[in-house]
Amino acid sequence: MTSLFYNLDSDTALAAQLCRSLEAEAGTLEVRHFPDGESYLRIHDPCKDRLCVIFCNLFQPDKKTLRLIFLADTLRELGAKQVLLVTPYLAYMRQDKRFHEGECVSSRPYARLISQAVDGMITIDPHLHRYHSLSEIYSIPTIVVKAAPLIANWISHNIENPVLIGPDSESEQWVSEVAELASAPFQILEKQRFGDYQVSVSSPELAPYHAHSPVLVDDIISSGRTMLETIAHLDQAGLSRTTAIGVHGIFAGSAYTQLSEKANVITTDCIPHISNKIETSEALAKAVRQLQPV
Ligand code: R5P
């Protein structure tokens, strides 16, 4: 039987591409608010014994998570055979440690919540830093789609003679893979974060790369401070205009305006934005098929 596909997000372009790639049936959902602000949700499809895929991109997660839980729970109550979540961006992964006494390590309760709600999850490059794999906190089957081959492919077609820069030690896992696939040299810098908007990044050693095009690669662009600090070093070294590539372009506040003045900003379509140039729907569809029973 054809899978049912529900888009709980406003990202209609990626959701539609994914639904098409999966040859799934777009489910009909009625979602609104009661006058008191609580959510109303109704499914208009027979979902008994069907495989159901929920697309809910969990950036700005606090607004979306409750609806996701309601939808997944209703699908299960109505007899769905399997409920899979596709979230290109996985929220709360950066809260992976109690940095100050009394802080909530929100990655853990969030993982428990999602693990109880759905039967499996597909995401793209979650921020794995102190956790080495999602299975340390998620108790359901998960598939991590890697953006590295997609980014390497984009670089190979668009940038001549690139040198890749990773702004911090966490970025090495992505940057080294992109560099290998794009046959380019790379350098990893050291970052210190002092607050949401205060970061310092070490200076790169760029003497051997004066004729190269600098390409900065990171998983998340949020305040943009990490990229801006790194671009300042690259500019100082007299290299050509930087291309700044992010897997997940969150662009809080004026981050995009500030960044686009200094660099060519490119993102995957994980989060809808005018900088999206790298498509992920085929890779996501492949991962969904891997988690669906035959
Ligand atoms: C964290 O270490 C991530 O890899 C990114 O470097 C970070 O999230 C970027 O955040 P921002 O844009 O706020 O500097």
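Here residue 152 meets each of (1) in contact (Cβ under 8 Å) with a residue 40 or more places away in the chain; (2) assigned by TED's automatic domain parsing to the domain that holds residue 195 with one exception, condition (1).
Among residues of the range 251-276 that are under 17 Å from residue 213 (Cα atoms) and at pLDDT 95 or above, those with a Cβ under 8 angstrom from a residue that is in a helix (DSSP H, G or I) and among the charged types (D, E, K, R), sequence gap 6+ or separate chain, pair up as 262/235.
Find the residue count for the range 12-33, including only residues that are over 19 Å from residue 51 (Cβ atoms) and either crowded, with 21+ Cβ neighbours inside 10 Å or of a type in the set (Phe, Trp, Tyr) (or both). Count: 1.
For residue 95, the conditions (1) in contact (Cβ under 8 Å) with a residue 24 or more places away in the chain; (2) surrounded by 14 or more Cβ atoms within 10 Å (Cβ to Cβ) are fulfilled apart from (1).
Per the listing 181, 259, 284, 216, the residue uniquely surrounded by fewer than 21 Cβ atoms within 10 Å (Cβ to Cβ) and aliphatic (A, V, I, L, M) is 181.
Pairing each residue of the range 157-179 that is over 17 Å from residue 212 (Cβ atoms) with any residue that is away from the ligand (no atom under 12 Å from the Cβ) and assigned to a helix (DSSP H, G or I), provided the two are 6+ apart or on different chains, yields C-beta distances under 7 Å for 174/148; 177/148.
Can you work out which of the residues in the range 272-294 that are of a type in the set (A, V, I, L, M) and within 16 Å of residue 144 (Cα to Cα) is farthest from the chain's Cα centre (by Cα)? Once the filter is applied, the top-ranked residue is 291. Check whether at least one residue in the range 210-225 is under 14 Å from residue 159 (Cβ atoms), more than 16 Å from the ligand (Cβ to nearest atom), part of a strand (DSSP E or B) and out of contact with any helix residue (DSSP H, G or I) (no Cβ under 6 Å at 6 or more places or on another chain), and report yes or no. The answer is yes, given that some residue of the range 210-225 is under 14 Å from residue 159 (Cβ atoms), more than 16 Å from the ligand (Cβ to nearest atom), part of a strand (DSSP E or B) and out of contact with any helix residue (DSSP H, G or I) (no Cβ under 6 Å at 6 or more places or on another chain). Residue 253: in a loop (DSSP other than H, G, I, E, B) and under 19 Å from residue 198 (Cβ atoms), yes or no? Yes. Has the range 239-247 got at least one residue that is within 11 Å of the ligand (Cβ to nearest atom), surrounded by fewer than 23 Cβ atoms within 10 Å (Cβ to Cβ) and over 15 Å from residue 57 (Cβ atoms)? Scanning the range 239-247 turns up no residue that is within 11 Å of the ligand (Cβ to nearest atom), surrounded by fewer than 23 Cβ atoms within 10 Å (Cβ to Cβ) and over 15 Å from residue 57 (Cβ atoms).
Applying the set (1) more than 12 Å from the ligand (Cβ to nearest atom); (2) free of Cβ contacts under 8 Å to residues at least 40 places away in the same chain; (3) of a type outside the set (Ser, Thr, Tyr) to residue 234 leaves exactly one unmet item: (2). Would you point out which residue out of 167, 204 is modelled with pLDDT of 95 or more and either within 16 Å of the ligand (Cβ to nearest atom) or assigned by TED's automatic domain parsing to the domain that holds residue 253 (or both)? Sole residue among the options that is modelled with pLDDT of 95 or more and either within 16 Å of the ligand (Cβ to nearest atom) or assigned by TED's automatic domain parsing to the domain that holds residue 253 (or both): 167.
The values are calculated or read from the model by the stated rules, or taken from the named source; none is laboratory data. Values in this document were obtained by computation on a predicted structure and should not be read as measured data. Cβ coordinates were reconstructed from backbone atoms using ideal geometry, including for glycine residues, and neighbour counts include every protein chain displayed.
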